[in-house]
Every structure is written in C-alpha cells, then in structure tokens.
1. Label residue 481 and residue 206 with points 7 Å out from Cα along Cα→Cβ: what is the distance between them in nm?
2. Would you mind telling me the share, in percent, of accessible area of the range 301-410 contributed by carbon and sulfur at probe 1.4 angstrom?
3. Using a 1.4 Å probe over the heavy atoms of the protein chains, calculate the carbon and sulfur portion of the accessible area of the range 55-184 as a whole percent.
4. Local charge sum around residue 476 (other residues, Cβ-Cβ under 15 Å, Lys/Arg +1, Asp/Glu -1)?
5. Under the rule a/c < 1.5 gives rounded, and otherwise a/b versus b/c splits prolate from oblate, where does the range 374-495 land using the Cα gyration tensor?
6. So for 501, 115, 410, what's the accessible-area order with a 1.4 Å probe, most first?
7. Please identify the DSSP H helices in the chain that span no less than 18 Å along the helix axis (Cα) and have a mean Kyte-Doolittle hydropathy of -1.0 or more.
8. Calculate, for residue 6 and residue 52, the FRET efficiency according to 1/(1 + (r/R0)^6) with r their C-beta to C-beta distance and R0 22 Å; round to the nearest 0.05.
Amino acid sequence: MSSEKKIGSALISVYHKDGLEPIVRRLHELGVTLYSTGGTQDFIEKMGIPVVPVEQLTNYPSILGGRVKTLHPKVFGGILSRRGHENDVAEVAEYAIPDIDLVIVDLYPFEQTVTSGAGESDIIEKIDIGGISLIRAGAKNFNDVLIVSSREQYTDLLKILEHSSGRSSLDDRKRFAAQAFLTSSHYDTAIFQYFNRTAAVPAFAQSILESRGLRYGENPHQQARFFGSFDAFFDQVHGKEISYNNLLDIDAAVALIAEFDEPTFAILKHNNACGVASRDLLLDAWKAALAGDPVSAFGGILVCNREVTEPVAQAMHDLFFEVCIAPAYNAGALEILKQKKNRIILIQKQFSLPPRQFRTILNGVAEQDRDVSTETAEQMKPMTRKVPTAAELRDLVFANKVVKHTKSNTIVLAKDRQLLASGTGQTSRVDALQQAIAKARHFGFSLDGAVMASDAFFPFPDCVQIACEAGIRSVVQPGGSIKDQESVDYCEAHEMAMVMTGIRHFKH
C-alpha cells in the first residue's frame, strides 16, 4: 500500500483564523469535503465555500455553552479509524462514519489568558478539551491522517496542497504528528504549572517552544542550543551570533548589575567579575572597573546600568571584548562600538529573572529558589565593639553584592565602591584570600582601609589574621561556624570591625 494519502475530507476548527483562508480555498479547489463548527464554520461560509456543520454529522448540537462540540464517535471514529484494518473499515461502514483525512485545529490561548491577569473563571474556560483531543487523535493515527496543530504549520501545509495535489507522504504525517504531540505536551505543562502554583506537587515540568541554535557549546566539538526567548531580554544591534559561553556570561552579568542602583560598570570573565565599580559618572565607573584587572578584562563581557555615551564608548573601544550590555546607547556610541564587526552589542530590556533555577545533575534535575537576598547596611549586625565607618559600611554592602555573584569559595576585597580583587573558585577560603591579596598588590592597590567580604563563614580565625596583616580593617561574613567567636575575638584584639549577615551566598 502506498504511503501517500490523498486528502478527501478535512475537519477545521480553529480559534485563530488568520492565515486560514488560502488553505480553505485550496482544499475547495481539490474537491475536499470540509467539516467545521462554530466560528470557523461561519468564517468558511462567508468565503462562499460549502462546509458541513459538525452538528449535521453527529446529529447532536453544541452543548454546555460550547464546551462540547466535537466530542462524538462520528468525529473521532472518522479520525482514528485505520483505513487498512478490516474491522475498522467494517465498523465505520456500519455506523456511517466518514473518514477524516486532515485535521486543522488550534487551542484556546490558555497561556496568554493567564499572562493577561484574567480571573480564574476566564482562565479555566480557556482550557481546551475538544481541540486537544482532536490533536492527539490525529497524531496517533498519523498513518492515515495529517494533523495540523498550529498556525506555524500553515505554510508547510499549503506547500503540500499546492505541490502534491493534496497528497501527503508518511514522512510528512509523522513530522506533523511529532509537532502535534509537542503542542499537546506544552499546553498540558502550562496548565499544570498554573495549578501547581498552589498545589505544590513535587514534579519537574518545563516546556519551552522557542529556541535558537548556538555556534557550539562550551567547546567547538560540542553542539548546543538555547531554549528560551533571548529577544524578550535583549535587542542585539550588532555583532556575531551568540555562543553558549556568551550566554553563561551574559546571564551572570545581568544578575550582577541588577544589584546596583547607582551608575555601575562590571567586567566579567568566565561568569566571575574581574572589575566592578560604582561612581557618580558612568565614565568614571568604567575606568575604575577596568583598573581592577585590566589583564582579565581582555575578551570579557561588559555590562552597565546607564546609557553608553560617546566618551564612554571611546574609552571602551580600545579594549577587545566579546559583549557589551547596556540599557541604551546614543548614536555616537554605537558608531564607535560597531567598528569591530564581531563585537556583540546588546540593549537590555526591562525584565525579571525567573524565581526558580534548575540544572542537570546525574540522571535528573536539581531545582532551587533563585538567591534573591541582598543584604542592606541595616542587616549587617556588628559583632565587634569597633563598628565600620559610614564609608566602610558602604563598601561592605558593595563587596557583599559582588561576593554573592562570584564562584565559591570566594573572597572579595573592595574600597571606595571599587573591586580591588577577588579570589574565585578556590578549594579553601585561605587560598581565595591569598589569591585576592596577591592580585590586588599586583595591580598596584593598597589594601590599607579596604574591606573584605566572604561568601561563607570563617571556620578558623586565619583569614581575618591574614586580612589584618594586609591592611584590611572591616569584614562582612554570614557567620554560622561553631568557631565564629575566635574570628570575632581576633578582630576585637586588632581593632578590626566585623559584621555578620546570617545569609550565606555559596555559588557553584
């Protein structure tokens, strides 16, 4: 038996009518019998094309305010009957069930209704029952039926109708069936997530339809794809295609810059900040951020929270960097930055990061709340008689924001709202501190009067001793060690100020 199937009849029941007219006209030209109901039936009739009401086929009216229209054996029998199956053929003949070879259906806009802020009764009415059943039935019987489950498939369908005279191949039907089950799965996931906001069923259910291919993964031999709407977050106005590593750095950059209200510039490399500074003027913030580590800045990701103007762009231009992110650029700044053809320039839109994070681990997924805790000066509890000065307290808040977004184990050293150095991703906190001190000195910074932030508690007083000997006078840490008092006692004995937040900021 040939795998090609000629379309002799079609059931059309869609919520959105745009793009449907040329398909209906072509089906009519091919002599296809059309079945429809409700608004779609009215749409076809207004085109002057004959259509058989589903109610005429089923001898049953639409009931319950339209909740039940197509749920009938004469509809689903015509879709699910196996054309080469002897018993199926006999039964559809016995009950006068016509074959339905093509099903065009879309679903009520459930997600859009939820997003609109509609009330629960309106949301519940947008849970499609008949449509989802038609999609699954058509997809299940792909051997005989072509199922079109979204407007995005209309172009492909029209090609089949025009170039193959209404004949579909098995490959076509399997491809459309796969898309149909994706449509069904995504729709059900959205409904589950709506109900699970209060039900709290412990299940991992995510579905993202939009995606884009990436140049490669972490390394050129790894393929990669991003699932999500990058364009909802950014307008890319210049540069090459975004890579996997670019995305990781961009994600880290926007999370870090979101911590700051004052004009701030940050430079990131491998998800960690190598330069951060806040100033009254963005140009000064750029200069101070770059001074933090001009070596690591090469090939980095730049992010700021104010419009980039020509003077700022000119100062940035001499540095090779992969990506620049800003809320806006003036025309002169873009003209300067676009001189490097591969340089990725992004305009950041207003958005909120998702409240939950997840990552693949072993044969599953670990999910957690996003770390949204940002400690203020008022939340920093003095542990020593000596308290930080106003300037030191401001720097402690600054450093604690940076340490939150740096790989553990980490120590951040800062002064005058500038990152002097950090020790990142070390296996011991002492190593992280020594790395930070050595780096700060390498770039000519004095640590006298600087502050230190730690992402987690000090298990021993060795870190505060090393910091004190380097000139650091104020420390912020979460606390929580059984030996906290030893670190506090050392600070007391050496005229250092220590504050605790009670909030750990591990980042792995």
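1. 3.5 nm
2. Numbers: 3060 of 5920 Å².
Carbon and sulfur atoms account for 52 percent of the accessible area of the range 301-410.
3. Working: 3370 of 6630 Å².
It is 51 percent, rounded to a whole number.
4. On the way: positive: 381, 386, 394, 401, 404, 415, 417, 429, 473, 504; negative: 259, 375, 378, 392, 395, 455, 484.
Summing Lys/Arg as +1 and Asp/Glu as -1 gives +3.
5. Numbers: a/c = 1.25, a/b = 1.13, b/c = 1.11.
Verdict is rounded for the range 374-495.
6. The most accessible residue leads, giving 115, 501, 410.
7. Numbers: long enough: 170-199 (43 Å, -0.52); 244-257 (20 Å, 1.05); 390-404 (21 Å, 0.37); 429-442 (20 Å, -0.49).
Span-like helices, by this rule, are 170-199, 244-257, 390-404, 429-442.
8. Values: r = 19 Å, r/R0 = 0.85.
Efficiency, rounded to the nearest 0.05: 0.70.
The values are calculated or read from the model by the stated rules, or taken from the named source; none is laboratory data. Here the structure is a predicted model, which is why all the values come from computation and not from measurement. Using ideal geometry, Cβ is built from the backbone for each residue, glycine included, and neighbour counts are taken over all protein chains shown. Each accessible area value is taken on the protein alone, full model and side chains, heavy atoms only, with ligands, DNA and RNA left out. Shrake-Rupley method; radii C 1.70, N 1.55, O 1.52, S 1.80 Å.
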